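Every number in this text was worked out from the coordinates using simple rules, so none of it is lab data. Here the structure is a predicted model, which means the values were calculated and not measured. With ideal geometry, Cβ positions are generated from the backbone for all residues, glycine too; neighbour counts draw on all protein chains shown.
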Amino acid sequence: MSQSAVGSSRPCRLNPLVSSSARPGLPDFWMVAAWAMTLLRFPLLFAGLTALTWADGDQLACFAILALMLADILDGELLRVSSSASRRHRMARHVFDALSDRLVIQCTFAVALWAGSCSLFVYSLMLAREAALVLTVSIPFIQNRVVLDADGISKLATAFLGALLINSICPLLPELLLLIPFVGLSAWGTRRYVRQYETALHSRSGFRWLVRRQQARVS
């Protein structure tokens, strides 16, 4: 990514397998691995963008995009099982990850469109989904400082968006087979964001609710 609307002043431990003697001030393996996956996206992005400009770099670009998708999934899962990350660190990491995602998606699709590897139709779908996502997530934070968490449905929609781009670069499947689930999952994910916001409004702290929701998911 089950939901709790009750706030708590006690710190939330997201990894029940770690001993209570763990020192919260020191990063554990999971936190370091999560940040490594996050930062790995930037050299992968450079490799993918460079390959898109090559005449015969389509396959390399597809591998780079696939690696970007896997890194995006792994970094969040690794941080979720970390017991040493504070709430402030999780919020900073959450915001940084969201901004990195927008940068990676926009740059990759823009260069693919410029290189002729992506159709204007697929690019327009990406822009529409990104605009809806940014509005859905930004309004709750601006109005009530509520941080919404990307769940499995939203991540799956992003995976289909990446699959659409890969299929545009190296056509393997009929575009409609990827287009229909992408549109459906994007709409479903947006609705789930709205329901998250409605639930979080009953909590004393939007981010505290997010942390407790991640704790419930791990347990």
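For the stretch 29-218, what log10 I(q)/I(0) values come out of the Debye formula at q = 0.09, 0.15, 0.16, 0.19 1/Å, with one point per alpha carbon and no solvent?
Summing over Cα pairs of the stretch 29-218 leads to -0.34, -0.92, -1.03, -1.34.
Given R₀ = 35 Å, what would the calculated FRET efficiency be for residue 198 paired with residue 53, taking r from the Cβ atoms and rounding to 0.05?
0.20
If I model a spin label at residue 36 and residue 74 as a point 7 Å from the Cα along the Cα→Cβ vector, what separation in nanometres do I get?
Here the answer is 0.9 nm between the modelled labels.
For the stretch 80-131, what class follows from the C-alpha gyration tensor (a ≥ b ≥ c being the square roots of its eigenvalues): rounded when a/c is under 1.5, otherwise prolate if a/b is larger than b/c, else oblate?
Judged from the Cα gyration tensor, the stretch 80-131 comes out prolate (a/c at least 1.5, a/b above b/c).
Can you figure out the FRET efficiency of residue 87 with residue 191, using R₀ = 22 Å and their beta-carbon distance, to the nearest 0.05?
0.20
Filter the trypsin sites (Lys or Arg not before Pro) in the stretch 87-190 to those in DSSP coil with at most 12 other Cβ atoms within 10 Å of their Cβ, and list the result.
On the way: sites: 87, 88, 90, 93, 102, 129, 145, 155; in loops: 145.
Those that pass, being in a loop and sparsely packed, are 145.
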